[in-house]
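In what follows, a structure is listed as structure tokens, so that the remarks can point back to it.
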Amino acid sequence: MTVPYSSAHAKVNGLEMYYEVHGAGDDTRRPLVLLHGGVHTVDLSFAAVLPMLAADRRVVAPELQGHGHTADTDRDLTVPNLASDVVALLDELGIEQADFIGFSLGGLTALEVAVRHPERVGRLVLAATQYQQGGYYEEISTPGSTSPRLPTQADFQEMADAYAAVAPHPEHFQDFLAKVSAAAHAPLPWTADDLRGLEAPTLLVIGDTDFVRVEHAAEMQRLIPRAALAVLPSTTHVALMRRTSLLLPLLAEFLG
């Protein structure tokens, strides 16, 4: 399936933020914003699902600070900063409200947008997303862990190769990896009351072999007033957005 495609950079919050626009659709449907995972590019997170998502609507997919085509800056890489960049991009593009799909770090970013700027979010998909630091299995942050939940060496090589192919300064990969890792382990800014206050219909998606504990995802589903939860079988964190046979029908029904 071939859909219209373009890419550009926008000046937002001191960044030259790269973004792609896929599909067209019409003005009767909200645009869809895709927010990729940590150390990923748009393509690495969403290549498997983008053709279907963009078949009948406009899809905007930025690359976050330091990721992919977007050069890093001296600014701290934090979830609030990333969310502020996304809102600034929406302003730049004249988008008042959009639906969101956020994966992993992109899910944290989408959640921050929904909590701080609820008027900007129509429907919200949080894939492999926790809201408190204890949301991950302990083995995810255990040095030397060989858990099957963790990315493989091949997965890390795929991230490195994607970065090297498009980053303005590919030699900075190891420094960038350390910066993203620090951001991933930083305290998260939300409370249970923040989730209770979410207005957007929300779909939570995790794999059964994900970073996120099933019990934590179930807690989020109970807290968010209009939330549904899907746990994909035989699915790791890295594989989640590639499980198209299971994921695409869920997204099609939820996004409507």
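The values are calculated or read from the model by the stated rules, or taken from the named source; none is laboratory data. Please read these numbers as outputs of a predicted model, since none were measured by experiment. Heads up, the Cβs are rebuilt from the backbone with ideal geometry, glycines too, and the neighbour counts pull from every protein chain shown.
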remark   = Scanning the range 192-217 residue by residue, the ones that are within 24 Å of residue 98 (Cβ to Cβ) and of a type in the set (Gly, Ala, Ser) total 3
task = Confirm whether residue 200 is farther than 22 Å from residue 137 by Cβ, in contact with a helix residue (DSSP H, G or I) (Cβ under 7 Å, 6 or more places away or on another chain) and either surrounded by fewer than 18 Cβ atoms within 10 Å (Cβ to Cβ) or modelled with pLDDT of 95 or more (or both).
result = yes
query = So how many residues does the range 9-49 have that are within 17 Å of residue 65 (Cβ to Cβ), part of a strand (DSSP E or B) and more than 13 Å from the chain's Cα centre (by Cα)?
reply = 10
query = Between a first residue in the range 110-126 that is acidic (Asp, Glu) and a second residue that is not in a loop (DSSP other than H, G, I, E, B), which pairs have beta carbons less than 7 Å apart while being 6 or more apart in sequence or on different chains?
reply = 112/79; 112/80; 112/83
remark   = Expected output for the range 239-255 (first residue within 16 Å of residue 40 (Cβ to Cβ), partner surrounded by 15 or more Cβ atoms within 10 Å (Cβ to Cβ) and of a type in the set (D, E, K, R), Cβ below 7 Å, 6+ apart or cross-chain) is 240/210
ask   = Considering only the range 50-62, how many residues are in a loop (DSSP other than H, G, I, E, B) and crowded, with 24+ Cβ neighbours inside 10 Å?
value = 1
message = Of everything in the range 55-76, what is within 15 Å of residue 181 (Cα to Cα) and touching a Phe, Trp or Tyr at 6+ places or on another chain (Cβ under 7 Å)? Give them in sequence order.
response = 66, 72
query = Hey, among 114, 160, 154, 165, which residue is more than 23 Å from residue 236 (Cβ to Cβ), part of a helix (DSSP H, G or I) and more than 17 Å from the chain's Cα centre (by Cα)?
reply = 165
task = Scan the range 84-111 residue by residue and report those that are acidic (Asp, Glu) and part of a strand (DSSP E or B).
result = 99
key: Residue selected from the range 109-134 under the condition modelled with pLDDT of 95 or more and small (Gly, Ala, Ser), by the criterion surrounded by the most Cβ atoms within 10 Å (Cβ to Cβ)   = 110
query = Cβ-Cβ below 9 Å, separation at least six or inter-chain, first residue in the range 201-223 and within 15 Å of residue 132 (Cβ to Cβ), second basic (Lys, Arg) and modelled with pLDDT under 95: which pairs?
reply = 211/149
inquiry  = Every residue in the range 222-256 that is part of a loop (DSSP other than H, G, I, E, B) and over 15 Å from residue 207 (Cα atoms), please.
reply    = 224, 225, 226, 256
task = Hey, could you check the range 73-85 for residues that are surrounded by fewer than 18 Cβ atoms within 10 Å (Cβ to Cβ) and of a type in the set (Asp, Glu) and say which is nearest to the chain's Cα centre (by Cα)?
result = 76
message = Can you tell me which residue is nearest to residue 57 (Cα to Cα) among those in the range 212-221 that are assigned to a helix (DSSP H, G or I) and of a type outside the set (A, V, I, L, M)?
response = 221
